[in-house]
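Q: Can you read through this structure? Questions will come right after.
Each value in this text was obtained by applying a stated rule to the coordinates, not by laboratory testing. Here the structure is a predicted model, which is why all the values come from computation and not from measurement. Backbone-built Cβ (ideal geometry, glycine too); neighbour counts: all protein chains shown.
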Amino acid sequence: MKLALPIALAAASLLTACNYTKPVMYLDVTNQSQGVMRNIELTHPTGTVGIPQLRPGDGHQHMTPIGAPCKFQLKFEDEDGRLHQKDFDLGEKCPVELSFDVTNGMQVNARVVKR
C-alpha cells in the first residue's frame, strides 16, 4: 500500500511525457514566377527538404520541428538549368509559419506568415 502512490505518480509522469509533442513550424515554398523550378532544396536547422519540381502557381508545405538558430537556404534550378541560391537568417527564434515566395526573375523572398 505504501508503494501504490509512488508507483501511480511514476506511471502518470510516464504517460504525460509520452504525450509531449515538440513545437513545429510550417515551411512553404511557392512558385509565383512564370517558370518551372526544379531540384529544390530547402535546408533548415533540423534537416533538408527536397522537392523535385514546382510549376508556376504551385506550392509545397513541409512541417518540421522548430530548431535554432533560424537559418535557411533555398536552392533550385530554373527552366534553363541555372542554379539559384539564397540564404536567410531570421535570428534565434523561428516563426510558426514561414513562406519562401519565388517571384518573376526567380527572386526569393522570405515572408513570416505566423509568429
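Q: Read phi for every residue in the stretch 32-43 and hand back ³J(HN,Hα) as whole Hz from Karplus 6.51 cos²θ - 1.76 cosθ + 1.60, θ = phi - 60°, with x for Gly and Pro.
A: Listing the rounded values in order: 9, 8, 8, x, 7, 9, 10, 6, 7, 10, 10, 9 Hz.
Q: Still on this model: Label-point separation (nm) for LYS93 and GLN32, each offset 7 Å from Cα along Cα-to-Cβ?
A: Roughly 2.6 nm, to one decimal.
Q: Once you have the Cα-Cα distance between GLU41 and ALA110, take 0.36 nm times their residue separation minus that, and quote the gain in nm to one decimal.
A: Working: separation 69, 0.36 × 69 = 24.84 nm, distance 1.48 nm.
That works out to 23.4 nm of additional length.
Q: Quote to one decimal, in nm, the extra length available between ASP78 and ARG55 on full extension: 0.36 nm per residue of separation minus the C-alpha distance between them. Kindly include the intermediate steps, with their values, before the conclusion.
A: Numbers: separation 23, 0.36 × 23 = 8.28 nm, distance 1.05 nm.
Result: 7.2 nm gained on full extension.
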